[in-house]
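The next block holds one structure in the form of structure tokens; read it before the comments.
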Amino acid sequence: MIPYGRQDITSEDIDAVVGVLQSDFLTQGPQVPHFENKLIAYTGVKHAIAVNSATSALHISCLALGLGPGDYLWTTPITFAASANCALYCGAIVDFVDIDPDTGNLCVLALEKKLLLAEKSGTLPKIVMPVHLAGRPCEMRTIHALGKRFGFSVIEDASHAVGAQYMNTSIGDCRYSDITIFSFHPVKIITTAEGGAALTNSGKLAERLRLLRSHGITRDPKQMEETPQGDWYYEQITLGFNYRMNDIQAALGSSQLERLDSYINRRRDIAKNYDILLKDLPISLFKYSDNSSYHLYTIRIDDKFSQTNRNEVFKRMRQHGVGVNVHYIPVHFHPYYRKLGFKSGDFPAAEKYYLEAMTLPIYPKLEDHELQFIANRLASALS
Ligand SMILES: *Cc1c(COP(=O)(O)O)cnc(C)c1O
């Protein structure tokens, strides 16, 4: 089976990891700050805080921005559940903004409409979290402007968009957001096995994120309430977690980051090739975009054009050895979210998307002859 995504591990990666295993530090050595500095250099952001998953990064970002009981966080229903769960961890209330069918991303017109209503009822969100679905950047300038107008903070869930650009700058530079989150899970663009990072230009948020990453404990006398009683002394000044990335993961991440640009170039080539190979099939394609990181290559199978529906095509593709997938089940469809009061019909564009979307394999080592094979299989699955 050709999988929909797959990590690429080189002998350089293996050497980097072995090097850490032979060194004095496995957890809190020099590799984590080294990786953080490389993320800073790559994106142009001021601060990077590496953690053990993007989910952890989302959680402490919400806390750092002061999200708490009674507050609202809005995100898109077409995302991985973690984008919404992080608000529930903080005791806050989650709501969703329907998607723009042309991009699959949170729709800024729907966002503005919902904000105007929320303003009247006094339920404006504290945080809005756009997700760059598949690596296609959201309309950050508009979202940022709405944030200024309605007084909310912005967290970009860029789990898919490491290496993407928006308006000629790198995703992750936080030009239009308070915090940006990266994921380094193996199916994502680069990997640290498990891992994530929170990026920000705010020194205050960075300090808060570092505290929350490690138990709320500080060794910095400037942050302490008491005078240090000796070299052993540290203080817990807030309630934090053990969300630290370790040196083994960070060394792998630094080594992978060296190949980020070549990965993105290859993903963009694959996407362009798919666009050509699939152009006459009865499906809809997203417009090729030269700033996307192409974490996913998604097509839509609309039964207006095709005699076969998505579920049937999906089954046939899997039977023929192509590991297609569906991203995503709308978050509000999950039983846990239904129990919070969400139901079918709440977000019609997202729900239609879910019936039609199918992810085709895309990863740097996918070969051109495999692309041709996938395109042939898709043509026959559709007929
Ligand atoms: C993968 C993913 C996450 C969670 O990433 P982890 O590193 O596995 O915690 C969050 N949001 C989105 C959109 C993702 O795709």
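Where a number appears in this text, it was derived from the coordinates with a stated rule and is not lab data. A quick note: this is a predicted structure, and the numbers were derived from the prediction, not measured. With ideal geometry, Cβ positions are generated from the backbone for all residues, glycine too; neighbour counts draw on all protein chains shown.
Of 126/339; 279/365; 126/204, which sit over 28 Å apart, Cα to Cα?
In this structure, no pair lies more than 28 Å apart at Cα.
Helix 140-150: angle to the longest alpha-carbon principal axis of the chain, degrees 0 to 90, nearest 10?
Helix 140-150 sits at roughly 60 degrees to that axis.
Given bins 10 angstrom wide, list per bin the percent of all Cα-Cα distances in segment 16-152, short to long.
That works out to 11, 33, 32, 15, 7, 2, 0, in percent per bin.
Once you've got the GNM for the chain with C-alpha springs shorter than 10 Å, pick whichever of 196, 345, 151 has the biggest mean-square fluctuation.
345
What does the helix-only formula give at 222 nm for the chain: each DSSP H stretch with n ≥ 4 adding -39500 (n - 2.57), the total divided by the residues, and the result rounded to the nearest 500 deg cm²/dmol?
Computed mean residue ellipticity for the chain: -11500 deg cm²/dmol.
Among the GluC sites (Glu not before Pro) in segment 206-262, which ones are in a DSSP loop with at most 13 other Cβ atoms within 10 Å of the Cβ? Mind listing them? Intermediate values should be presented prior to the final figure.
On the way: sites: 207, 225, 226, 235, 258; in loops: 225, 226, 258.
For GluC sites (Glu not before Pro) across segment 206-262 that sit outside H, G, I, E and B with at most 13 neighbouring Cβ atoms in 10 Å, the list reads 225, 226.
Can you compute the charge dipole magnitude of the chain about its Cα centre, using +1 on each Lys and Arg Cβ and -1 on each Asp and Glu Cβ, nothing else charged? Give it in debye, rounded to the nearest 20.
Around 920 debye, computed over the chain.
Using only the alpha-carbon atoms, how far is helix 203-213 inclined from the longest principal axis of the chain? Give it as 0 to 90 degrees, nearest 10.
For 203-213 against the chain, the angle is about 90 degrees.
Thinking of segment 105-229 as a set of Cα atoms, what percent of all their pairs are more than 22 Å apart?
Values: 3565 of 7750 pairs.
Tail fraction, whole percent: 46.
At q = 0.08 Å⁻¹, work out log10 I(q)/I(0) for the chain with the Debye formula, treating every Cα as an identical point scatterer and leaving solvent out; two decimals please.
The Debye formula, applied to the Cα set alone, gives -0.43.
Once you have a ≥ b ≥ c as the square roots of the Cα gyration tensor eigenvalues for segment 225-383, tell me rounded if a/c is under 1.5, and otherwise prolate or oblate according to whether a/b is larger than b/c. Display every interim value, and only then the final one.
Values: a/c = 3.22, a/b = 1.65, b/c = 1.96.
Verdict is oblate for segment 225-383.
Residue farthest toward the positive end of the dipole of segment 219-278, with Cβ of Lys/Arg at +1 and Asp/Glu at -1: which of 256, 230, 243?
256
Choose one of 106, 142, 125: the residue whose Cα lies farthest towards the positive end of the charge dipole of segment 96-152 (beta-carbon charges +1 Lys, Arg; -1 Asp, Glu; about the Cα centre).
With unit charges placed on the Cβ atoms, the residue in question is 125.
Mind checking the alpha-carbon convex hull of segment 84-171 and giving the volume per residue in Å³?
Spread over its residues, the Cα hull of segment 84-171 gives 98 Å³ apiece.
Please work out the Cα center distance from segment 149-179 to segment 254-294, rounded to the nearest Å.
A separation of 20 Å, based on Cα centres.
What angle do you read, to the nearest 10 degrees and between 0 and 90, between the alpha-carbon axis of helix 247-257 and the longest principal axis of the chain?
On a 0 to 90 degree scale, this one is about 50.
What nm value, rounded to one decimal, do you get for the distance between residue 229 and residue 265 when each label is placed 7 Å out toward the C-beta?
Rounded to a tenth, the inter-label distance reads 5.9 nm.
Among 164, 87, 118, which one shows the biggest mean-square fluctuation in a GNM of the chain, springs joining Cα atoms closer than 10 Å?
118
Among 109, 58, 39, which one shows the highest mean-square fluctuation when the chain is modelled as a Gaussian network with alpha-carbon springs under 10 Å?
Top of the fluctuation ranking is 109.
Calculate, axis by axis, the spread of Cα positions in segment 1-96 along the three principal axes, and write the results as whole Å, longest axis first.
If we take the Cα atoms of segment 1-96, the spans are 48, 39, 26 Å.
I need the semi-axes of the equivalent ellipsoid of segment 229-289: take the C-alpha gyration tensor, multiply each eigenvalue by 5, square-root it, list largest first in whole angstrom.
They are 48, 17, 8 Å, listed from largest to smallest.
Quote the FRET efficiency, to the nearest 0.05, computed for residue 11 versus residue 279 with a Förster distance R0 of 41 Å and r equal to the Cβ-Cβ distance.
0.60
For segment 307-383, what log10 I(q)/I(0) values come out of the Debye formula at q = 0.11, 0.15, 0.26, 0.27 1/Å, with one point per alpha carbon and no solvent?
-0.38, -0.63, -1.16, -1.21
Quick one: of the DSSP bridges fully inside the chain, what percent are antiparallel, nearest 5? Walk me through the intermediate numbers first.
Details: 23 of 37 bridges.
Looking only at bridges with both residues in the chain, the antiparallel portion is about 60 percent.
Starting from 0.36 nm per residue, how many nanometres of slack lie between residue 339 and residue 312 once their C-alpha separation is accounted for?
Residue separation times 0.36 nm, minus the Cα-Cα distance, leaves 6.7 nm.
Whole-Hz ³J(HN,Hα) for each residue in segment 164-180, computed from phi via Karplus 6.51 cos²θ - 1.76 cosθ + 1.60 with θ = phi - 60°, x for glycine and proline: what do you get?
7, 10, 9, 6, 6, 10, 6, 4, x, 7, 6, 4, 10, 8, 7, 9, 10
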